[in-house]
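In what follows, a structure is listed as structure tokens, so that the remarks can point back to it.
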């Protein structure tokens, strides 16, 4: 995706990626600088993803739904001023 960014007429403000390896990993507390992390409600995200896929399989015209999952930001040295 980013390889084609040069052909865009606009650039995104940010790009976010989720990985269970960065879901408030303990190592973030011990690195230097300590890394800010985010705790995610991964079970809720999984349930909602499966529900959305199942709905689309049942009815391909099902509209997209925006779901905001609860989360907690753990700011540490990597983002503190």
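In region 42-81, Rg over Rh equals 1.26, where Rg is the alpha-carbon radius of gyration and Rh the Kirkwood radius from pairwise Cα distances. The order of the peptides 68-77, 37-46 by mean Cβ neighbours within 10 Å, most packed first, is 37-46, 68-77.
Values in this text are rule-based calculations from the coordinates and carry no lab data. These figures come from a predicted structure and were not determined experimentally. As a convention, Cβ positions derive from the backbone with ideal geometry for all residues, glycine included, and neighbour counts pool all protein chains shown.
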